[in-house]
Every structure is written in structure tokens, then in C-alpha cells.
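Some notes on the structure that comes next.
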Amino acid sequence: MIQTIVVAASENNVIGIHNTLPWHLSDDLKFFKKITLGKPVLMGRKTFESLGSPLPKRLNIVLSRSAIELPEGVLHFTNYQEAILYLEQQETPEVCIIGGGVVFADTLSFVNQIYLTRVHTVLENGEIFFPILDCKQWTKVWEEYHPKDEQHQFDFSFQQYKRNQSLV
Ligand SMILES: NC(=O)c1ccc[n+]([C@@H]2O[C@H](COP(=O)([O-])OP(=O)(O)OC[C@H]3O[C@@H](n4cnc5c(N)ncnc54)[C@H](OP(=O)(O)O)[C@@H]3O)[C@@H](O)[C@H]2O)c1
């Protein structure tokens, strides 16, 4: 099964402030939707809470070590491997891991693909971070630059990375 991280991070790897995103970039939200639609989206309990409701047209999976109440149809697992086992049993071709910082740190060593929206700004007040990618393990296979405009407060670049062993 393809395990894909989908994330947006500043130049200094900030992904969250005050339990929300540090920016509103409408084209990035559209890109996120395009990548994830129809696929299971796996996230940490805090990211699910910050979304406020399940993402439509996607199986929502929430990781939490505690018993939690979730809306109907949202799945809960107490660890990543259990969630992956369940999805493999369903013969799911791909899972999208959508945050936040704790879940990215816990799952990065298992994933084979990353869609990173690199937001070209340095944020000094970041609270939640994406791990630094080891350039020996990852190859950038695609990139598309978007300049800032009235809809987008920062320049950003969509980047796709593949884990080196999955390129051979
Ligand atoms: N820029 C982006 O792309 C992006 C994407 C997503 C989120 N975010 C931002 O990131 C922030 C939230 O991230 P966060 O790091 O604070 O929290 P998080 O990763 O969303 O959730 C952390 C919680 O998830 C559960 N959890 C995490 N890893 C687990 C594991 N391996 N097994 C079982 N449970 C696990 C635990 O819940 P329990 O405490 O209940 O056990 C943990 O406290 C927000 O600011 C959000 O806006 C940014």
C-alpha cells in the first residue's frame, strides 16, 4: 500500500500555530482535495479536532491512545500499525497521512511518498513542526511554483518526493 504524507510547511518547517494552520492558501486547499479525494485520510486527534468535522468523500481515520467519541463513520485506532493493518485487509491502494506534527513524526519512517507544499516564508512563532527531510532518503520528483497574489499571502511550491528505495 502506498503511504503518502500530505503537508504544507514554511521554509523553517512550521505547520501549525494555536491548533490551526498558519495561512489560508486557497490553491493549496484545492490541491489537498485533489490529492486526497476518495482515499482514506489518517490524522491525529488534535488535527481532527481542529478540522471540526470529517472531511467529506474520504474515509476519516483518527489516531488516539484514549477512548474518544467520534462522528459516525469515522474510524479510531490506538496506533498507526493497527490502522495500516486494517487498510491492508481492505486492499486499500493508498492512505494519505494528513497530520499533525506528532503523527508526521511517528509515521515518516513508514511512508514512501510526500506531497509537500513548501510555503516560502519563515515563521518565527511556529508551534508545530514537520520533521526535517533527510535528503539521502528522499528525491524530489516534481515541483510547481505558485507566486503570491490577492488570494495567496505567500509564494509557495507544490513538491512531490519519493523515498529513494521506491524509485529503483
Ligand atoms: N500544515 C499542515 O499541513 C498541517 C496538517 C495537519 C495539521 N496541522 C496543524 O498541526 C497541529 C496539530 O498537530 P499536533 O502535533 O499538535 O497534533 P496531532 O498530531 O494532530 O494529534 C496528536 C494526537 O494524536 C494522537 N496520536 C498521535 N500519534 C499517535 C500514534 N502514533 N498512536 C496513537 N495516537 C497518536 C494522540 O492523541 P491522544 O492524546 O488522544 O492519545 C496525540 O496527542 C494544528 O496546528 C494543525 O492545524 C498542519
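Since every read-out is calculated from the coordinates, none of them should be taken as a lab result. Bear in mind the structure is a predicted one, so any value in this text is a computation, not a measurement. Quick reminder, even Gly has a Cβ in these numbers, built from the backbone with ideal geometry, and neighbours come from all protein chains shown.
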remark   = Which of V122, V95, V103 fluctuates most in a GNM of the chain (C-alpha springs under 10 Å)? That residue is V122
ask   = Relative to the first principal axis of the alpha-carbon coordinates of the chain, what is the inclination of helix 80-89, with its axis defined by its Cα atoms, in degrees from 0 to 90 and to the nearest 10?
value = 70 degrees
Of every Cα-Cα pair in region 2-166, the percent that sits beyond 25 Å = 29 percent
task = Quick one: dipole size for the chain, taken about the Cα centre, charges +1 on Lys/Arg Cβ and -1 on Asp/Glu Cβ, in debye to the nearest 20.
result = 280 debye
query = On a 0 to 90 degree scale, rounded to 10, what angle separates helix 26-36 from the longest Cα axis of the chain?
reply = 40 degrees
Directionally averaged shadow of region 15-106, computed from the convex hull of its alpha-carbon atoms, nm² = 6.1 nm²
note = So the number of lysine pairs in the chain with alpha-carbon atoms under 12 angstrom apart, 8 or more residues apart or on different chains, is 5
task = With label points built 7 Å along Cα→Cβ from the Cα atoms of E91 and E11, find their separation and express it in nm.
result = 4.8 nm
ask   = For D155 and T20, FRET efficiency with R0 = 25 Å and r from the beta-carbon atoms, rounded to 0.05?
value = 0.75
query = Given region 2-166, what percent of its DSSP beta bridges are antiparallel, to the nearest 5?
reply = 50 percent
message = Suppose only helical runs count, i.e. DSSP H with n ≥ 4. What mean residue ellipticity at 222 nm does that imply for the chain under -39500 (n - 2.57) per run, divided by all residues and rounded to the nearest 500 deg cm²/dmol?
response = -6000 deg cm²/dmol
ask   = Using alpha-carbon pairs under 8 Å, 6+ residues apart, how would you state the relative contact order of region 1-109 in percent?
value = 37 percent
ask   = Put +1 on the Cβ of every Lys and Arg and -1 on every Asp and Glu Cβ in the chain; which of Y145, H76, I128 then has its Cα farthest towards the positive end of the dipole?
value = H76
inquiry  = Can you find, among I35, S66, S50, the residue sitting farthest towards the positive end of the charge dipole of the chain, where Lys and Arg contribute +1 and Asp and Glu -1 at Cβ?
reply    = I35
task = Taking only Cα atoms and a 10 Å spring cutoff, compute GNM fluctuations for the chain and point out the largest among L63, L21, L29.
result = L29
ask   = Points 7 angstrom from Cα along the Cβ direction at K57 and K140: gap in nanometres?
value = 3.0 nm
